[in-house]
Amino acid sequence: MKLIVAIFREEKLSETLEALFRAEVRGLTVTHVQGHGGEIEPVETYRGMTVRMELNDKVRLEIGVSEHFVDATVQAILSAARTGEVGDGKIFVLPVEKIYRIRTGEEDTAAVTPVT
Ligand SMILES: Nc1ncnc2c1ncn2[C@@H]1O[C@H](COP(=O)(O)OP(=O)(O)OP(=O)(O)O)[C@@H](O)[C@H]1O
Ligand SMILES: [Mg+2]
């Protein structure tokens, strides 16, 4: 099991959600965040030129998946969230020790398999 954390452009959110739906990915969490991705903004001050660490609005998607869904989830985000310009964001794939579905007490893969 993995927790896929993707941080990317807000304007790519709906396209990415559509791509994930097509990939049959169901449970996810969206948070609006601010981040820094290396881009620096020169700022004039009385002490001369300095730089400011720029913060940009991004979305953070968290998706808990079984191994079977890892590649499809990553590929859906890679293709839907990309513009090709700097600042497209990152995807982190984290190992997950345990997942529980609170309602049923189901664990691990069963806990992230959608109930139809
Ligand atoms: N190493 C990191 N750790 C945590 N969050 C990061 C990291 N790198 C980028 N982010 C998040 O992703 C957002 C977009 O980053 P960004 O796309 O600029 O990364 P990058 O590696 O500089 O890629 P690019 O070359 O396309 O700019 C940042 O605003 C930040 O929220
Ligand atoms: Mg960057």
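The values are calculated or read from the model by the stated rules, or taken from the named source; none is laboratory data. Being a predicted model, the structure only gives us computed values, none of them experimental. Neighbour counts are summed over all protein chains in view; Cβ atoms, including those assigned to glycine, are modelled from backbone coordinates with ideal geometry. Note: areas computed on protein heavy atoms with side chains; ligands, DNA, RNA excluded. Shrake-Rupley method; radii C 1.70, N 1.55, O 1.52, S 1.80 Å.
Here the Gaussian network model covers the chain, with springs between Cα atoms less than 10 Å apart; of LEU13, LEU61, LEU28, LEU28 fluctuates the most. Would you please classify the overall shape of region 25-116 from the alpha carbon gyration tensor, given that a ≥ b ≥ c denote the square roots of the eigenvalues, rounded means a/c under 1.5, and beyond that prolate means a/b larger than b/c while oblate covers the rest? Cα axes put region 25-116 in the prolate bin.
Amide H contacts for LYS58 (H built 1.01 Å from N in the peptide plane; partners 5 or more residues away or on another chain; cut-off under 5 Å): VAL33, GLN34, GLY35. Model label sites at PHE92 and GLU24, defined 7 Å from Cα along the beta-carbon direction, differ in position by 2.9 nm. Computed 3J(HN,Hα) for region 86-100, one whole-Hz value per residue from the Karplus formula 6.51 cos²θ - 1.76 cosθ + 1.60 where θ = phi - 60°, is 4, x, 5, x, 9, 10, 10, 10, 10, x, 10, 7, 7, 10, 10, glycine and proline marked x. Ellipticity at 222 nm from helices only: DSSP H runs of n ≥ 4 in the chain, each -39500 (n - 2.57), divided by the residue count, give -7500 deg cm²/dmol. Take the solvent-accessible surface of the protein heavy atoms, probe 1.4 Å, and return the percent of it on the chain that carbon and sulfur atoms account for. For the chain, the apolar C and S fraction of the accessible surface comes to 54 percent.
Going down the table (LYS12/LYS90; LYS2/LYS58; LYS2/LYS98), which pairs top 19 Å between alpha carbons? With Cα atoms farther than 19 Å apart: LYS2/LYS58. Phi angles of region 14-21 translate, via the Karplus equation with coefficients 6.51, -1.76, 1.60 and θ = phi - 60°, into HN-Hα couplings of 5, 4, 5, 4, 4, 4, 5, 4 Hz per residue; Gly and Pro are given as x.
Once the 1.4 Å probe is applied to the protein heavy atoms, region 2-112 comes out at 67 Å² accessible per residue.
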